[in-house]
1. Residues in region 59-75: is at least one part of a strand (DSSP E or B) and among the charged types (D, E, K, R)?
2. Between residues in region 128-153 that are in a loop (DSSP other than H, G, I, E, B) and residues that are surrounded by 10 or more Cβ atoms within 10 Å (Cβ to Cβ) and of a type in the set (S, T, N, Q), which pairs lie under 9 Å by C-beta distance while being six or more apart or on different chains?
3. Of everything in region 2-46 that's polar (S, T, N, Q) and outside any strand (DSSP E or B), which residue is farthest from Gly62 (Cα to Cα)?
4. Determine which member of the set Val101, Val56, Val39, Val97 is under 19 Å from the mean Cα position of the chain (by Cα) and over 22 Å from Arg145 (Cβ atoms).
5. Pick out the one residue from Asp65, Asp51 that is open to solvent by 90 Å² or more (accessible area, probe 1.4 Å) and under 19 Å from Glu22 (Cα atoms).
6. For region 56-85, give me each residue that is of a type outside the set (Asp, Glu) and out of contact with any Phe, Trp or Tyr (no Cβ under 9 Å at 6 or more places or on another chain).
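The values are calculated or read from the model by the stated rules, or taken from the named source; none is laboratory data. In this text the structure is predicted, and so the values were computed from the model without any measurement. Quick reminder, even Gly has a Cβ in these numbers, built from the backbone with ideal geometry, and neighbours come from all protein chains shown. With ligands, DNA and RNA removed, areas are computed over all heavy atoms of the protein, side chains included. Shrake-Rupley method; radii C 1.70, N 1.55, O 1.52, S 1.80 Å.
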Amino acid sequence: MSGKLKQLEDILQPVVEGLGYEFWGIEYRSRGYQSLLRVFIDDVENGVGVDDCEKVSRQISGVMDVEDPIKTEYTLEVSSPGMDRPLFRPEQYQAFVGHQVQIRLRMAFDGRRKFQGLIKAVEGEDVVVIVDDHEYLLPFDSIERANIIPVFE
């Protein structure tokens, strides 16, 4: 995790949890003078609606104005992780063992950057994914992005 992401997480996680939501994770993309800060919140019992996102967004905006960790203009988005939820931490991967996942790595591993398969386990610092009957140990630190693949029955 980059220093900026860690700083933002340290500022925003207590705000989200103080409002009674689970802090699922954040994405931060710096694009020159315009950046994007996306905050994912969850509420396992009640789900997350537009009113919840608005409430959290107002609170985060106030804290960000005071703390001022992003010096350029940025867009703030607050949303539910959704059915194709992104995974940010090892414990999230562990909670979704047995589910299909799509993973993109920062650098190629075994000649490829994209993997789509079943999460088998989390072993230490590695996520074990089965792709086409082949088991891959993907170092957690090398994962750029991962999303659960929703199943519709």
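1. yes
2. So the pair list comes out as Ile149/Gln100; Ile149/Gln102; Ile149/Gln116; Pro150/Gln100; Val151/Gln100.
3. Per the criteria, the residue is Asn46.
4. The match here is Val56.
5. Asp51
6. Result: Ser57, Arg58, Gln59, Ile60, Ser61, Gly62, Val63, Val66, Pro69, Lys71, Thr75, Leu76.
Rundown of residues vs (1) open to solvent by 50 Å² or more (accessible area, probe 1.4 Å); (2) part of a strand (DSSP E or B); (3) of a type in the set (Asp, Glu), yes/no style:
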{"residue": "Glu77", "(1), (2), (3)": "yes, yes, yes"}
{"residue": "Asp84", "(1), (2), (3)": "yes, no, yes"}
{"residue": "Gln92", "(1), (2), (3)": "no, no, no"}
{"residue": "Val101", "(1), (2), (3)": "no, yes, no"}
{"residue": "Arg104", "(1), (2), (3)": "yes, yes, no"}
{"residue": "Met107", "(1), (2), (3)": "yes, yes, no"}
{"residue": "Lys114", "(1), (2), (3)": "yes, yes, no"}
{"residue": "Ile119", "(1), (2), (3)": "no, yes, no"}
